[in-house]
Every structure is written in structure tokens, then in C-alpha cells.
């Protein structure tokens, strides 16, 4: 029986494979829409890092932003789009598959 090859990094979404963008999308996937300030605090990113990475994710259609007036003043909320959710789930599936294949290959235990 021939071994199935592992996916290469080029076959994974390059936008989401960036560690900062991956963290942003993971956080939004798990916790839902958040303000920019909440993301800065939760992920330990600088405002510049967050802004540039949100811009890249918006260009790909993975997140949307909306301004909202709150009691504490205007806030920018970031939300994962349906396209972003699908891309994240696809990447998570592929990464899980790679991990399972690698573990099976290294331990000699078949995938389950």
C-alpha cells in the first residue's frame, strides 16, 4: 500500500497561515465578533499589527468591520464572514489531517 503524501504549505491558505491572521481568525471563530480593542488585548498585538492584518483579511473577504456608537464612544467591531468561517474550517480540517498523518507515520499507528 503506498503512503498518501502530506499537503505542502503552498496548498494551505497563505493568508490564514500567517500566525497573526490565524490568531485573529481563530479568536473570532471561537468567541464571535469583537472590538478592535478587545482583539488587541486578547491577542497581544499592537494596534498597527492588528490594523494591517484586519485590512488584509477584509481584502480577502474573511472579516467585516462595522463602526458602532457605544456608551464609551465609537467602537470598531470585527466579525468573521461566512467566507472567512469556511476558509478557517477548511484550513483547520487540513491541518488536522496533516497532524493525524504525521502522527500515524511517526508512531506506526494507523489513522482513526
Open item on the list: Going through 55, 105, 66, 85 one at a time, which residue ends up being modelled with pLDDT of 95 or more and over 18 Å from the mean Cα position of the chain (by Cα)?
Closed with: 66
Task: Where residue 23 falls short, out of the listed (1) within 12 Å of the chain's Cα centre (by Cα); (2) not in a helix (DSSP H, G or I) - done: (2)
Task: the stretch 86-107: number of residues that are surrounded by 13 or more Cβ atoms within 10 Å (Cβ to Cβ) and within 17 Å of residue 16 (Cα to Cα) - done: 9
Task: Scan of the stretch 45-82 for residues that are assigned to a helix (DSSP H, G or I) and in contact with a helix residue (DSSP H, G or I) (Cβ under 8 Å, 6 or more places away or on another chain), ordered by number - done: 47, 49, 50, 51, 53, 54, 56, 57, 60
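The values are calculated or read from the model by the stated rules, or taken from the named source; none is laboratory data. Quick caveat: nothing in here was measured; it's all calculated off a predicted structure. For neighbour counting, all protein chains shown are included, and Cβ atoms are generated from backbone atoms with ideal geometry for every residue, glycine included.
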